[in-house]
């Protein structure tokens, strides 16, 4: 359901949410290794997220990426939208171009209710909510 790019971006954002703040910025190389993402690829993803103000960055010797309080209020859906666009979850599971509610594919009605619940959760929970769950040990993410 997620592209590799979105998976990488989500892991990076959650890593930053747990480990960074305005006075503790993290370089790409220090994010890439623990989340197992190629450094050059991750740099491009983080730059895109920074351009859209999902994450923050500072250039220079003590520069790097971090999440501000404002950044922490974004949702994982915001991250996915920047990386994959808004139509990622509206596509047919069988990749049929003409699949829709009026002309559903065999999996359309099966996926539609759970897709709606999943999208709602991604859109309503902030990055801060997810990072708190990680910090409390309620969910696992190798960071």
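The values are calculated or read from the model by the stated rules, or taken from the named source; none is laboratory data. These numbers were taken from a predicted model, which means no experiment stands behind them. Note that we place each Cβ from the backbone using ideal geometry, even for glycine, and neighbour counts take in every protein chain shown.
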- Query: Taking the range 65-123, which residues are within 22 Å of the chain's Cα centre (by Cα), without any contact (Cβ under 8 Å) to a residue 40 or more places away in the chain, surrounded by 13 or more Cβ atoms within 10 Å (Cβ to Cβ) and assigned to a loop (DSSP other than H, G, I, E, B)?
  - Reply: 92, 93
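Considering only the range 9-20, how many residues are in contact with a helix residue (DSSP H, G or I) (Cβ under 8 Å, 6 or more places away or on another chain) and surrounded by fewer than 23 Cβ atoms within 10 Å (Cβ to Cβ)?
Pass one, the range 9-20, residues in contact with a helix residue (DSSP H, G or I) (Cβ under 8 Å, 6 or more places away or on another chain): 9-18.
Within this subset, residues satisfying the condition of being surrounded by fewer than 23 Cβ atoms within 10 Å (Cβ to Cβ) are 10-11, 14, 18.
Qualifying residue count for the region: 4.
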- Message: Quick check on residue 62: is it more than 30 Å from residue 94 (Cα to Cα), in a loop (DSSP other than H, G, I, E, B) and modelled with pLDDT under 95?
- Response: yes
- Query: If you go through the range 51-59 one residue at a time, do you hit one that is surrounded by 15 or more Cβ atoms within 10 Å (Cβ to Cβ) and either over 13 Å from residue 16 (Cα atoms) or in contact (Cβ under 8 Å) with a residue 60 or more places away in the chain (or both)?
  - Reply: no
